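Let me begin by presenting the structure, written as structure tokens, before commenting on it.
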Amino acid sequence: MNCSQPKTITTPDSAIYLLASAFESCTNLKIVQLPKDLRVIKNWTFYRCTNLKTINLKEGCSIGEDAFYK
């Protein structure tokens, strides 16, 4: 993904999953706010987000392969 390098992302409350590689290589990304009903974070969603410090994961959320691999 060629993201615009945001530091914070807040996903919509209606989101129930995040696509594979959605934020891959967003190296400036530090904070992610997820909706309470998020069910799936797919493969490589935050792959190479080397500065990610805070994410609010809910219990029961399925996490794909290497979703947070640095």
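The values are calculated or read from the model by the stated rules, or taken from the named source; none is laboratory data. In this text the structure is predicted, and so the values were computed from the model without any measurement. Every residue, glycine among them, receives a Cβ derived from its backbone with ideal geometry; neighbour counts consider all protein chains shown. Just the protein is used for accessible areas: all its heavy atoms, side chains included, with ligands, DNA and RNA removed. Shrake-Rupley method; radii C 1.70, N 1.55, O 1.52, S 1.80 Å.
At a glance:
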{"read-out": "Output for the range 57-67, where each listed residue is at pLDDT below 95 and not basic (K, R)", "value": "L57, E59, G60"}
{"read-out": "Residue within the range 48-56 that is open to solvent by 70 Å² or more (accessible area, probe 1.4 Å) and touching a Pro at 6+ places or on another chain (Cβ under 6 Å) present", "value": "no"}
{"read-out": "Residue satisfying all of: in the range 24-45; over 10 Å from the mean Cα position of the chain (by Cα), modelled with pLDDT of 95 or more and of a type in the set (K, R); surrounded by the most Cβ atoms within 10 Å (Cβ to Cβ) among these", "value": "K30"}
{"read-out": "Answer from A20, A67 - the residue that is small (G, A, S) and touching a residue at least 40 places away in the same chain (Cβ under 8 Å)", "value": "A20"}
{"read-out": "Residue satisfying condition, being among the small types (G, A, S), loosely packed, with under 11 Cβ neighbours inside 10 Å and in a loop (DSSP other than H, G, I, E, B), within set S14, S21", "value": "S14"}
{"read-out": "Condition broken by I9, with the remaining ones in (1) β-branched (V, I, T); (2) surrounded by fewer than 13 Cβ atoms within 10 Å (Cβ to Cβ); (3) touching a residue at least 24 places away in the same chain (Cβ under 8 Å) satisfied", "value": "(2)"}
